[in-house]
Structures are given as structure tokens and as C-alpha cells.
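In what follows, a single structure is set out as C-alpha cells and then discussed.
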Amino acid sequence: MFLFVPSQNIPLLLILLIFSLTTNNTTSSLTINSTHEIFNVKQAITPLETHEKIHVADENVQENGSLKLELIHRDKLQILSRFSTYNKSNIFEDRMDRDSKRVSSIMQRITNGVEYRVDGFGSDVVSGMDQGSGEYFVRIGVGSPPKDQYMVLDSGSDIVWVQCQPCTQCYHQSDPVFDPSLSVSFTGVPCRTPVCDRVENSGCHAGRCKYEVMYGDGSYTKGTMAIETLTFGHVTVKNVAIGCGHSNSGMFTAAAGLLGLGGGSMSLVGQLGGQTGGAFSYCLVSRGTGSTGSLEFGRGVLPMGAAWVPLIRNPLTPSFYYIGLLGLGVGGVQVPISEDVFKITELGDGGVVMDTGTAVTRLPSVAYVAFRDAFLVETASLPRAPAVSIFDTCYDLDGFVTVRVPTVSFFLSGGQILTLPARNFLIPVNDKGTFCFAFAPSPTGLSIIGNIQQEGIQISFDGANGFVGFGPNIC
């Protein structure tokens, strides 16, 4: 279980978040007191030694007017063998490469204000490590009759698009490329219509609304807008505006397209509007385990007892979900960092974004250095290892069964304190016992809370009222 309470009610020394991320109900860390915990090294390294295939359920459970969907991490996704590129020695390097490109893309969008030109529902969500792109994927049906497709899940994007026939340029994907001529519900969007006007960087060709989206890593999709039916398990959603991409390239390999869950009007959340009340919830759990998480839509999924933190809107980038971060804690003690480091400036720079597509949390350099140094002091007895990839703080834990580590906490606006389990900040980077502190410095004033730090926590967005909730459930 985990505990997440207002800081004014219970001192930080009494707050600890511990939960299981494995299927056998064992934990990778145990409380020994409120400032430190025992981290199970052997159990944490096991996921890198195995790569079990799992089945992604075809049916989704509809409850209380909402739809609960299965969410699975990419390294557990069962896909066709000819698209499987799993390699134990490269899995970490590939993930960090994708992560760096993702962060670079976000930084460019926010700090430069760039608008890129090749710019109650749910579904099975799977992570995209084996898919070759993205971190998490959702399985949905496109068209009528529905054709199942894997879609990259992206909380920082405001468009839904899928590769379409005829392809002038399409990358390989797990399923056959969607053919709109075989869908009776497919309708093209004309130019100068309300839908076309809402699409950023839209254009007009032969009377049809065109779209182009280019991402910061050089990936892009180009095509025409359409109105189509999407199917989530046994629930159909009609009249969804999607991009039908005829020219696509980049890091989406094996996924059919992208399912945007951002804060803009053209994301799936924005289009569903009153049908879901701007509410959705997810649990990211599957990294290194055989367990599954969930993605749910609808106000009925908003949990009682969650710790609610106000969402902050940045007019420069309305797609992203910002939250207020006031500080960081190590070993039950708040690190001396000015709150101003985490605030959005008058120019729209800085702030703290929650992102499902970024793996490793980034912090402004001044905050990261103070945070890391505090962690180093508390782990001085552990043997160090050389830096690995983006991580400059690593440990050689080969031969250890358990180690004692300090707790790590986020001080959030509204007086909430979220204390992470060791599994969410000390991660294996190989199968030789090397673990690294899973944070990295940001090249700008922007902070990004990545999916490694979000894992195992139920996270709920109430867009209509402007809040994000943490807990009370674990997964």
C-alpha cells in the first residue's frame, strides 16, 4: 500500500509510499523507517534477465458508465515475430535514445514556442518498447467494421492520427495499414469547416482539409483529416476527427499512429468533451513485470480519496499538463531549492510537465545538482559505478541482495507530498548489478515528470475542474 497525505497534517518523516509492482504480490522495497527503506536488488534486476510474452486482452470492462482498459508496458507486448527487435543488451540504450529525442522535442516546443508543421472510454494500452517507438500503446479499432491497431499513447499531443492507404511513404507497423475505402463510416473533412479550422497548421488541397505534424525528433505525419468511428473493446465512439496519414516517417515504427490525450480541443479527451467530462485515469505498471495497468475514461473513474493537485495551464503550450512542484526531499529532509526554479515564467518557460512519453524525470540543473548531491550524501556507503548514458550517479550493486537507501519525495502544491518507492528512482541499467539514480538535468528551466516516477500510482486527470489526482489506488 502507499500513503499520500497533506504535509500540514503529518510530518514528512511519517510519509512513505511503498507498493508492489510485481505479479506475485512481493515488493522490491520494504520500510525500515520513514527516512530510508530496504531495496531488494536481486528482485529489481530480474526483469532484465527475462522477457516473457504476455497476452493482451481483447475485451475491456465497462463499469459505472466508463470503460476500463488494459495498459501494458512495451517490453511485454506480444507482437508478430518479424517486428520484434528485442535485444537484452540494447534495450536500455534504445530506451534512453528515444527518451533524449522525446525530451528534445518537448523542450523545443515549449522554450521556443514552436508549432511543428509535420506537427467513460478506453482501450488496451501497451508500452511500445518492442514496437520500436513510444513508451505505451493502446489497442483500438479504427473504422467500420473496426480494424484493430496499436496506437502510441501521448499525453502531450492534441491529435489522433493513423497511417492510411494509399501510402506514398509509410513505415512498417504490426497490423495491416488502415484502408479507408473499406470503412463505411469514413468521411473526409472539407476545407473551411469548423473541424478543419481547429486543426493547427491545416491546409487545403482538392477541397480536402490537410494536416501536417512534425515532431522535434524529425518524425512526421502528413495527410488529410477525416471523421471516423473508433472502437474501444465493445464500445464505439462515432464522429471522431482523425488524421489519415499518407506520408509518415520516424520513431513510430510498428505502431499504426498516435492517440493524443493532451489538453487541446482536437485530442481524444478534448473531442469526447461532455461524454467523459474531460476525465481520464491511468496506471503505468508493467516495466519489468508481468502485471498490467489500466486506462479509463469518464468522470466515474475519478477516485475518492485521491490527493488532488491543481493543474496549471500554460497558454504557450496548452497541450501539456503542468502541475505545481514546490520542492524535493531526500531521506525525509527537504532539499534547499528555491520554489521559483519550478515555476512557469511570464514568457511561458519553465514549469513542471507530467508526460507519459518521457521515461526519466528531468529537473533544471540547479535543482538536479542539489537533489543529486543530497542523495549522494545519503548513499555514501554504497559502491559507485561509472556514469551510464544520461545518468551521472550510478552504483555497483552486484552481489548485493538488499541495500538501505533514502526515501525520495516530491513536494507538490496544495501541501501534498509524494514519496516514491526505491524502484521508481533507482533502476537497473544492465543485468550486471549496475543501478542508476533515475533523474537527469534539464538543459532548460523546464521540469518533466517521466513515466518511471509515475509507475504504480493511479493518476487521474479532471480536466473540467483543473486537477490531477495521485492515488489512492496502486497498481
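Tally the residues that are assigned to a helix (DSSP H, G or I) and of a type in the set (Gly, Ala, Ser), restricting the search to segment 250-282.
Looking only at that region, the number is 3.
When the residues of segment 450-463 are narrowed to those that are of a type outside the set (Asp, Glu) and open to solvent by 10 Å² or more (accessible area, probe 1.4 Å), which ends up farthest from the chain's Cα centre (by Cα)?
Applying the filter and picking the extreme gives Gly463.
Only one residue in Glu339, Glu296 is more than 30 Å from Gln275 (Cβ to Cβ) and open to solvent by 10 Å² or more (accessible area, probe 1.4 Å). Which one?
Just a single option satisfies the conditions, and that option is Glu339.
Could you please tell me which pairs satisfy a Cβ distance under 7 Å, a separation of 6+ or placement on different chains, a first residue in segment 84-110 that is more than 13 Å from Gly156 (Cβ to Cβ) and surrounded by 14 or more Cβ atoms within 10 Å (Cβ to Cβ), and a second residue that is modelled with pLDDT of 75 or more and of a type in the set (Ser, Thr, Tyr)?
If the second residue must be modelled with pLDDT of 75 or more and of a type in the set (Ser, Thr, Tyr), the pairs left are Glu93/Ser389; Met96/Ser389; Asp99/Thr358.
Being surrounded by fewer than 24 Cβ atoms within 10 Å (Cβ to Cβ), at pLDDT 90 or above and polar (S, T, N, Q) is the filter here, so list the residues in segment 237-275 that pass it.
Of everything in segment 237-275, those that are surrounded by fewer than 24 Cβ atoms within 10 Å (Cβ to Cβ), at pLDDT 90 or above and polar (S, T, N, Q) turn out to be Asn239, Ser247, Ser265, Ser267, Gln271.
Out of the residues in segment 187-212 that are basic (Lys, Arg) and under 18 Å from Asp158 (Cβ atoms), state the one that is most open to solvent (accessible area, probe 1.4 Å).
This residue is Arg198.
If you go through segment 213-232 one residue at a time, how many are modelled with pLDDT under 90, open to solvent by less than 30 Å² (accessible area, probe 1.4 Å) and under 21 Å from Val142 (Cβ atoms)?
3
Taking strands (runs of 3 or more DSSP E) that fall entirely within segment 352-447, which contain at least 2 residues that are open to solvent by less than 20 Å² (accessible area, probe 1.4 Å) and over 21 Å from Gln43 (Cα atoms)?
Result: 352-354, 361-364, 408-412, 417-420, 439-442.
The values are calculated or read from the model by the stated rules, or taken from the named source; none is laboratory data. The structure presented is a predicted model; accordingly, all values stated were derived computationally and were not measured. Every residue, glycine among them, receives a Cβ derived from its backbone with ideal geometry; neighbour counts consider all protein chains shown. These accessible areas exclude ligands, DNA and RNA; they are computed on the full protein's heavy atoms, side chains included. Shrake-Rupley method; radii C 1.70, N 1.55, O 1.52, S 1.80 Å.
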